[in-house]
Amino acid sequence: QVQLVESGGGLVQAGGSLRLSCAASGTIFSIDTMGWYRQAPGTQRELLAGISRAGLPWYADSVEGRFTISRDNRKNTVYLQMNSLKPEDTGVYYCNADQTGMAYWGKGTPVTVSS
C-alpha cells in the first residue's frame, strides 16, 4: 500500500503564494503519474495539475501560468507551487499518485484564500 500525506495548506490573502507538498510512503516500487486535485465547497473534485514520472506537466486552464507542479522521484514527493492566488482557489487540495495500475489519494490539505 502507498500512503500520501499533503502539507503546506493554510490561510493566505489574495495575490499571495503557497507551496504544497505531498510525500508518498509505504510500498514504493515506481510511482507513475502524480497530480493535484481541488474540491471547492459545493463542487466536484477537479484535476488541477498532473506530472509524469519523467517530469512532463499538465495544467488545467484555471491554474495555467499561476501554478507549477514538480516532483522529486528520489524523495517520492510531488509539489505544487501556487502563486497569484485568488479567492476561487479556496478548497481542499488532494494529492494523487498511480503505481502499477492502482490509484492512491491523500486526505487533503485545506487552502483558504481571503480577499
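The values are calculated or read from the model by the stated rules, or taken from the named source; none is laboratory data. Keep in mind it's a predicted model, so treat the numbers as computed, not measured. Protein only, heavy atoms only, side chains kept; ligands, DNA and RNA dropped before computing areas. Shrake-Rupley method; radii C 1.70, N 1.55, O 1.52, S 1.80 Å.
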Task: 10 Å binning of all Cα-Cα separations within the range 51-115, expressed as whole percents from 0 upward - done: 17, 50, 28, 4, 0
Task: Probe 1.4 Å, accessible area per residue of the chain, Å² - done: 53 Å²
Task: Cα-Cα P(r), the range 15-65, percent of pairs per 5 Å interval - done: 4, 14, 21, 27, 18, 10, 5, 1
Task: Accessible surface of the chain, 1.4 Å probe, proportion on carbon and sulfur as whole % - done: 50 percent
Task: For the chain, average projected area of the Cα convex hull in nm² - done: 6.6 nm²
